[in-house]
1. Could you list, in sequence order, the residues of the range B:102-118 that are over 13 Å from residue B:74 (Cβ atoms) and either more than 12 Å from every other protein chain (Cβ to nearest Cβ) or out of contact with any strand residue (DSSP E or B) (no Cβ under 8 Å at 6 or more places or on another chain) (or both)?
2. Could you grab me the full set of residues in the range B:19-42 that are farther than 19 Å from residue B:65 by Cβ and surrounded by fewer than 20 Cβ atoms within 10 Å (Cβ to Cβ)?
3. Can you list the helices (runs of 4 or more DSSP H) found entirely within the range A:1-92 that contain at least 2 residues being touching a strand residue (DSSP E or B) at 6+ places or on another chain (Cβ under 7 Å), surrounded by 20 or more Cβ atoms within 10 Å (Cβ to Cβ) and touching a residue at least 60 places away in the same chain (Cβ under 8 Å)?
4. Name, by its number, the condition in (1) touching a strand residue (DSSP E or B) at 6+ places or on another chain (Cβ under 7 Å); (2) within 14 Å of chain A (Cβ to nearest Cβ); (3) surrounded by 23 or more Cβ atoms within 10 Å (Cβ to Cβ) that does not hold for residue B:133.
5. Which residues, counting only those in the range B:118-142, are within 12 Å of the chain's Cα centre (by Cα) and not in a helix (DSSP H, G or I)?
6. Mind listing whichever residues of the range A:222-232 are over 21 Å from residue A:180 (Cβ atoms) and within 8 Å of chain B (Cβ to nearest Cβ)?
7. Hey, residue B:87 hits all of (1) closer than 19 Å to residue B:22 by Cα; (2) out of contact with any strand residue (DSSP E or B) (no Cβ under 7 Å at 6 or more places or on another chain); (3) not in a helix (DSSP H, G or I) but one; which does it fall short on?
8. Any chance you could count how many residues in the range B:95-117 are assigned to a loop (DSSP other than H, G, I, E, B) and surrounded by fewer than 17 Cβ atoms within 10 Å (Cβ to Cβ)?
């Protein structure tokens, strides 16, 4: 990733990692935290899609992940459901006041622990409770701005149903506008087999590559190589997908 | 089976960042393979990754071990055995499987992964074979892949050995192989029509 980004994600950026199911978003997010924790950075992961116990159970299968980082407090995992409960937000939809309470709770945690790397998995699940597009935009913009002020680099994970050229990179169409960077993840079908890909669409402050890369989840973490040019696009004449 | 000593003699000339095209025929493919592997393991004390696209990795391991070769410093990436039921239920610990020979980039990444985790000081990558990959992959994609493949490992000072049966390889791929590879070991059979 650092090679593709010509150095890495700029400090304090808010990056949208948008991907289809099974494309490796959660693993990428967790590796981002692990790499930070390895150098002593305080990291936080807010999980809205699955309970933290289940998340950790899945991720501990990867040797790059060290459970000791969680035990020692370098990686802090928070269940969004628990956070909602603390804030009295156990309701179907959030209004402006609720959104501000949520932003304050997240930034307070970041500030208290001194978090410099944060992952919210997923912002899609979180935003389902916010009914207005304008409110979603305000929420993400304010959250991103406050986190950047605190010196925190954030990955917002977004679930999308398609990662093809014509697809939106976010579920609500607003996340992509407020982020400093967009990483798209999905699958390319080649003769009935699915190859995971990752593409950096935007990353402010970098001269990043915009090529499509094949992604493999290995015990060492995410590994990438440029996707073959003749194997990355649909070519009906040749029958390659 | 008698090994071809001339191959060992020719290999003394190559450097670590070389890429060797090894041409063989359909009937002498394993003899040529073994004749290349033996000096790499014994004379150069190398380990590496063997990409098995022609046959299941178990078959290659058993055949090499029948010659008295230890394969413990070689990791095998098997592109064949996932294609049939029960193919991946093997005893050997040094085999990993890729679903299909069309997943070329996955093969490259798996190879890089194993090279990153090995303790061997000097490594080779043995691709067995171009003509097996040509069964599944379109000509221009295979040519592009070999270009990437060779340059990736050359850049990492890993010796690449690419096995090839010329009369079963698309002409453009063959021409590109001649262009990209630094060395040629030619043990192709003479075909009399």
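1. Those that are over 13 Å from residue B:74 (Cβ atoms) and either more than 12 Å from every other protein chain (Cβ to nearest Cβ) or out of contact with any strand residue (DSSP E or B) (no Cβ under 8 Å at 6 or more places or on another chain) (or both): B:104, B:116, B:117.
2. B:25, B:26, B:27, B:28
3. Correct list: A:25-38.
4. For residue B:133, the failing item is (1).
5. Step one: filter the range B:118-142 for residues within 12 Å of the chain's Cα centre (by Cα), giving B:124-133.
Of everything in the range B:118-142, those that are within 12 Å of the chain's Cα centre (by Cα) and not in a helix (DSSP H, G or I) turn out to be B:124, B:125, B:126, B:127, B:128, B:129.
6. A:223, A:225, A:226, A:227, A:228, A:229, A:230, A:231 - these are the residues of the range A:222-232 that are over 21 Å from residue A:180 (Cβ atoms) and within 8 Å of chain B (Cβ to nearest Cβ).
7. Result: residue B:87 passes all but (1).
8. Taking the range B:95-117 as the starting set, the residues that turn out to be assigned to a loop (DSSP other than H, G, I, E, B) are B:98-103.
This time we only want the ones that are surrounded by fewer than 17 Cβ atoms within 10 Å (Cβ to Cβ), so: B:99.
Qualifying residue count for the region: 1.
The values are calculated or read from the model by the stated rules, or taken from the named source; none is laboratory data. These figures come from a predicted structure and were not determined experimentally. Here the Cβ is made from the backbone with ideal geometry for all residues, glycine too, and neighbour counts use every protein chain on show.
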